[in-house]
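J.: Okay, handing you the structure first.
The values are calculated or read from the model by the stated rules, or taken from the named source; none is laboratory data. What you see is a predicted model, and the numbers here were worked out from it, not measured in a lab. Cβ placement follows ideal geometry from the backbone for every residue including glycine, while neighbour counts extend to all protein chains displayed. These accessible areas exclude ligands, DNA and RNA; they are computed on the full protein's heavy atoms, side chains included. Shrake-Rupley method; radii C 1.70, N 1.55, O 1.52, S 1.80 Å.
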Amino acid sequence: MTAPSPAADRPDGTDRARRTDRPRRTDRLPHTGRPRGTGRPDRIDDTDRTADQDGRTGLHRLPPPRPALDAHTWKEIAHLLLNLPVAVFGFVYAFTVLVAGGILSLTAIGLPLLAFCLLGARQLGKLERARARRLLGVRVEEPSPLPLAKGGGPVQRLWMALKDPVGWRTLLYDAIRLPWGVLTFCTVLTSLFVLWPVLPYLARGMANADRAMVRGLLSPSDELERRIAELESDRGIVVDTAAADLRRIERDLHDGAQARLVNLAMGLGLAKEKLLEDPDTAAAMVDEAHGEVKLALQELRDLARGIHPAVLTDRGLDAALSSVASRCTVPVAVTVDLPARPAAAIEGIAYFTVSELLQNISKHSGARTASVEVWRAEDRLLIQVRDDGRGGARLDAGGGMRGLAERLGAVDGLFAVDSPAGGPTVVTAKLPWRDRTA
């Protein structure tokens, strides 16, 4: 009798050795390579998963959608597409103005019409600057308005409008923009459908050309306008300063030397009357008049020194500033290092600047020592005045420091004050160097 087969005890009648669908047991954990029973298995992180429950891949999730072109590029594209209608309108305006103005200039209404159209061109330029500022980010300052209210009569106002460089540059801008507007419009419109991969590069290049044209033709000549404004301001300062100096000289003459000379004339008249009757009294009166003459001469010398000291004319800044420093109540060290003497006007401004600064030190600083340095640096004459006083000097309106700054500004000079509370005070002045002609 044979032994029962092990397969006979199994319901499915399969043999253990013949079953191959059962997974084989291994001695290592999946994904880790570590043997079983050797401690805590390594952590299986999310990167080992091949798929989520919904079947999507966890390792390669798509980024959030975003536009292919940024907002700045779209603004440039919008500007380039608007070039065509704006250029057409500007070209028609410029062509009409030039043709109509040229033909009608033979009549009485031609020049006024041209002047009015130039004023209109200014407004077109203003709109173009606003468009470039909004879409291209070009910061172009607005030109100064025409001072028609100060132009005098109608003929002067007409001439001012006709020679307006801003209006003529705007007409030139409008006249040359038509071919460029057609080119930019067609290129961008075609690139939107055909050449869109290179559209950002094309838009940036053409937008840069637009920026250059706006800056070149629609921006004001900043340096020229700034210089004109400075000259107008400086002219007013020079006129006011000259008027103030004349009033000061007149006041000093009236209150000082003139009064003494009047008293001298009266005293000599009384001495003449008493010459025969009382010679001793007449001699005393003449002696008193002699003293008045000396005082009057001294006041005249001081007044002349205030206008232009003789020592400055004869010996230059070194001797003149040393003379001013000797009259200061504070010990002052003067250093003048100049290879030659500057022009007389620059020399005089430097002298009076130092003189007034030393007077301020004597009256207000409470300093114990001070110093004055004058030297030349390339095309500038530099002045530096220091003191160890209490500080607190400011360029307040109406003050002496403000007046000095305005006087130096009238000749393209600079004036800077560094005076913290408690001191020290350092005042630096720069004047343009001009060689002495004689």
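J.: Give me the one-decimal nm value for the distance between modelled label points at S322 and T190, 7 Å along each residue's Cα-to-Cβ direction.
T.: 8.2 nm
J.: Still on this structure, I have one more. Between rounded, prolate and oblate, where does the stretch 358-438 land on the alpha carbon gyration tensor, with a ≥ b ≥ c its root eigenvalues, rounded for a/c under 1.5, else prolate if a/b exceeds b/c?
T.: Values: a/c = 2.41, a/b = 1.64, b/c = 1.47.
Prolate.
J.: Suppose the chain between K274 and T428 were pulled fully straight at 0.36 nm per residue; how much longer would it get relative to their current alpha carbon spacing?
T.: 49.4 nm
J.: May I pose another question? Would you mind checking the pairs K274/K294; K294/K430; K75/K126 and listing those with alpha carbons more than 30 angstrom apart?
T.: Exceeds cut-off: K294/K430.
J.: Given R₀ = 51 Å, FRET efficiency for L295-W159 by Cβ-Cβ distance, to 0.05?
T.: Working: r = 58 Å, r/R0 = 1.15.
After rounding, the FRET efficiency stands at 0.30.
J.: Then there's this: How much length, in nm to one decimal, is gained on full extension between A377 and D287, taken as 0.36 nm per residue of separation minus their Cα-Cα distance?
T.: Gain on extension, A377 to D287, equals 26.9 nm.
J.: Let me ask something else about it. Mind giving me the nanometre distance, one decimal, between the label points for A175 and L261, set 7 Å out from Cα along Cα→Cβ?
T.: Each label point lies 7 Å from its Cα, and together they span 6.6 nm.
J.: Sticking with this one: Once ligands and nucleic acids are excluded and a 1.4 Å probe is used, how much of R133 is accessible, expressed in Å² to the nearest 10?
T.: Approximately 70 Å² for this residue.
J.: Each residue of the stretch 355-366 in turn: what ³J(HN,Hα) in whole Hz from Karplus with 6.51, -1.76, 1.60 and θ = phi - 60°, glycine and Pro shown as x?
T.: Those phi angles translate into 4, 5, 5, 5, 5, 5, 5, 5, 8, 10, 7, x Hz.
J.: Would you mind classifying the stretch 77-178 by shape? Square roots of the alpha carbon gyration tensor eigenvalues, ordered a ≥ b ≥ c; an a/c under 1.5 is rounded, otherwise it is prolate if a/b is larger than b/c and oblate if not.
T.: Since a/c reaches 1.5 but b/c is at least a/b, the shape of the stretch 77-178 is classed as oblate.
J.: While we're looking at this one, here's another question. Might you work out the accessible area of M285 for me, using a 1.4 Å probe with all protein chains in place, and round it to the nearest 10 Å²?
T.: Accessible surface of M285 is approximately 40 Å².
J.: Given a Förster radius of 30 Å and the C-beta distance between H72 and V92 as r, what FRET efficiency does 1/(1 + (r/R0)^6) yield to the nearest 0.05?
T.: 0.45
J.: Sticking with this structure for a sec: Counting only the heavy atoms of the protein chains, how much of K430 is accessible to a 1.4 Å probe, in Å² to the nearest 10?
T.: 80 Å²
J.: I'd like to compare 101-111, 352-362: which one has the highest average count of other Cβ atoms within 10 Å, and what's the full order after that?
T.: Ranked from most to least packed, the peptides come out as 352-362, 101-111.
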